[in-house]
Amino acid sequence: AAQKILAEGGVKNTDVKGSGVGGRITKEDALKAIQNKKGGAVREAFSRVERVEKMSRLRKTISDRLVYSKNSTAMLTTFNEVDMKPIMELRAKYKDKFKEKYGINLGFNGFFVKAAIEALKAHPAVNAWIDGTDVEYHNYYNIGMAVSTERGLMVPVMKDADLLSVAGFELAIRDLAGKGRDGKITPDDLMGGTFSITNGGVFG
């Protein structure tokens, strides 16, 4: 956890004096180091783990087996069809006003992100990740949007996406995609995601 925090904050391990056993760097050490570097409060997202639960032996075994299965078998993709007619009608009605106001086209990705966030709020376990033998549940929504670049597939992250409007999503997606195409994506842009969405729109 400390290493993850330092990486996100752009601080090297060698620049931090650990206060843990044997000089190990603790989570608190990492947060203080970032706070000193930034000269102010640590970005709130670093400390917004809602709760941490120890995984049961059964759940840990299931987790291990799922990873093993993913790495050793052919994956199956399932599809669920959704009626997009109401969204298409909404887009057709407001796309000209939207472009006039924000300077970008009103696409579908903003609606997809909004829908994903509402689903994550209803099912918090999907917005969690596994850290060793713990499951960390988060009360924030950092949404990764997969984009294809000349350097390969990247998943830049929209931090605190639940605080954005549909217009905010579209602007953030445009900016992140532009940074990806221009080779300006930073490690911080790729870290901290709690859920990812594949963006296949560029391929029709």
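The values are calculated or read from the model by the stated rules, or taken from the named source; none is laboratory data. Everything quoted here is computed from the prediction, not taken from an experiment. Cβ sites come from the backbone with ideal geometry, for glycine too, and all protein chains shown count toward neighbours. Side chains are part of the model used for accessible areas, which takes the heavy atoms of the whole protein and leaves out ligands, DNA and RNA. Shrake-Rupley method; radii C 1.70, N 1.55, O 1.52, S 1.80 Å.
Restricting to region 11-25, name every residue that is in a helix (DSSP H, G or I), open to solvent by 60 Å² or more (accessible area, probe 1.4 Å) and modelled with pLDDT of 80 or more. If the condition is that a residue be in a helix (DSSP H, G or I), open to solvent by 60 Å² or more (accessible area, probe 1.4 Å) and modelled with pLDDT of 80 or more, then ASN13, THR14, ASP15 are the ones that fit. Based on what the data block shows, is GLY144 out of contact with any Cys (no Cβ under 8 Å at 6 or more places or on another chain), part of a strand (DSSP E or B) and buried (at least 17 other Cβ atoms within 10 Å of the Cβ)? Yes, satisfied. Can you confirm whether region 188-196 contains a residue that is small (Gly, Ala, Ser), within 29 Å of GLU53 (Cα to Cα), in contact (Cβ under 8 Å) with a residue 60 or more places away in the chain and part of a helix (DSSP H, G or I)? So far as region 188-196 goes, no, none of its residues is small (Gly, Ala, Ser), within 29 Å of GLU53 (Cα to Cα), in contact (Cβ under 8 Å) with a residue 60 or more places away in the chain and part of a helix (DSSP H, G or I). Being charged (D, E, K, R), under 22 Å from HIS138 (Cβ atoms), open to solvent by less than 80 Å² (accessible area, probe 1.4 Å) and at pLDDT 70 or above: is that true of GLU8 here? Judged against the criteria, GLU8 is a match.
When LEU90, LEU163 are screened for being free of Cβ contacts under 8 Å to residues at least 60 places away in the same chain, among the aliphatic types (A, V, I, L, M) and closer than 30 Å to VAL52 by Cα, only LEU163 passes. State all residues of region 147-169 that are open to solvent by 20 Å² or more (accessible area, probe 1.4 Å) and in a helix (DSSP H, G or I); if no residue qualifies, say none. Selection gives ASP162, LEU163, VAL166. Sub-7 Å Cβ pairs linking a first residue in region 26-43 that is modelled with pLDDT under 75 and assigned to a loop (DSSP other than H, G, I, E, B) to a second residue that is of a type in the set (A, V, I, L, M, F, W, C) and open to solvent by 30 Å² or more (accessible area, probe 1.4 Å), at least 6 apart or interchain, are VAL42/LEU31, ordered by first then second residue.
Within region 172-196, the residues that satisfy the criterion of being buried (at least 17 other Cβ atoms within 10 Å of the Cβ), under 14 Å from LYS114 (Cα atoms) and either of a type in the set (Phe, Trp, Tyr) or modelled with pLDDT of 85 or more (or both) are ALA172, PHE195.
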